[in-house]
1. When you go through (1) exposed (fewer than 15 other Cβ atoms within 10 Å of the Cβ); (2) under 22 Å from residue 31 (Cβ atoms); (3) touching a residue at least 60 places away in the same chain (Cβ under 8 Å) one by one for residue 103, which number turns out not to apply?
2. Among the residues of the stretch 26-44, count how many are surrounded by fewer than 19 Cβ atoms within 10 Å (Cβ to Cβ), in contact (Cβ under 8 Å) with a residue 24 or more places away in the chain and not in a strand (DSSP E or B).
3. Could you tell me which of the residues 61, 95 is surrounded by fewer than 11 Cβ atoms within 10 Å (Cβ to Cβ), over 12 Å from the mean Cα position of the chain (by Cα) and under 22 Å from residue 118 (Cβ atoms)?
4. Could you check the stretch 104-138 and list, in sequence order, the residues that are over 15 Å from residue 35 (Cα atoms) and in contact with a strand residue (DSSP E or B) (Cβ under 8 Å, 6 or more places away or on another chain)?
5. Of the numbered conditions (1) surrounded by fewer than 18 Cβ atoms within 10 Å (Cβ to Cβ); (2) within 13 Å of the chain's Cα centre (by Cα); (3) in a helix (DSSP H, G or I), residue 48 fails exactly one; give the number of that condition.
């Protein structure tokens with residue numbers, strides 16, 4: 001399970017250090033992909049395959065299913081962590097997420113998310129007070 005919040009540098013080549021607590025879970029191939037709320041996600045291959053199966057089972061006659069499929073798979077990049085535990089984030093994905101020289105890597109249960117720090121702060125600030133409680137009220141937790 002991916003948990004926690006970590007701040008790391010993005011180097012000039014677009015490499016991002018993956019938190020050491022996440023590295024064992026990301027051994028082997030990983031997928032870096034455009035994700036919801038204008039962030040990126042890093043999926044271990046097993047979690048990516050599970051998501052791919054779910055998306056593949058959606059009815060292709062549904063325009064929203066086609067939209068999801070196109071956005072998810074067109075914005076995905078398969079790679080591996082290098083020997084220093086870094087992942088390459090391609091330029092098009094850095095542009096999408098507005099990453100510059102720093103990124104926040106967040107645990108999100110079955111994957112990690114990569115956020116531009118200012119974007120994460122804005123997102124988090126919008127959920128202060130009752131906004132978070134209101135947003136999750138109908139989930140049955």
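The values are calculated or read from the model by the stated rules, or taken from the named source; none is laboratory data. Here the structure is a predicted model, which is why all the values come from computation and not from measurement. As a convention, Cβ positions derive from the backbone with ideal geometry for all residues, glycine included, and neighbour counts pool all protein chains shown.
1. All conditions pass for residue 103, except number (1).
2. Looking only at that region, the number is 4.
3. That would be 95, the only listed residue that is surrounded by fewer than 11 Cβ atoms within 10 Å (Cβ to Cβ), over 12 Å from the mean Cα position of the chain (by Cα) and under 22 Å from residue 118 (Cβ atoms).
4. Within the stretch 104-138, just 117 meets the criteria.
5. (1)
Conditions (1) in contact with a helix residue (DSSP H, G or I) (Cβ under 7 Å, 6 or more places away or on another chain); (2) at pLDDT 95 or above, marked per residue:
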{"position": "16", "(1), (2)": "no, yes"}
{"position": "28", "(1), (2)": "yes, no"}
{"position": "31", "(1), (2)": "yes, yes"}
{"position": "48", "(1), (2)": "no, yes"}
{"position": "64", "(1), (2)": "no, yes"}
{"position": "69", "(1), (2)": "yes, yes"}
{"position": "73", "(1), (2)": "no, yes"}
{"position": "77", "(1), (2)": "yes, yes"}
{"position": "88", "(1), (2)": "no, yes"}
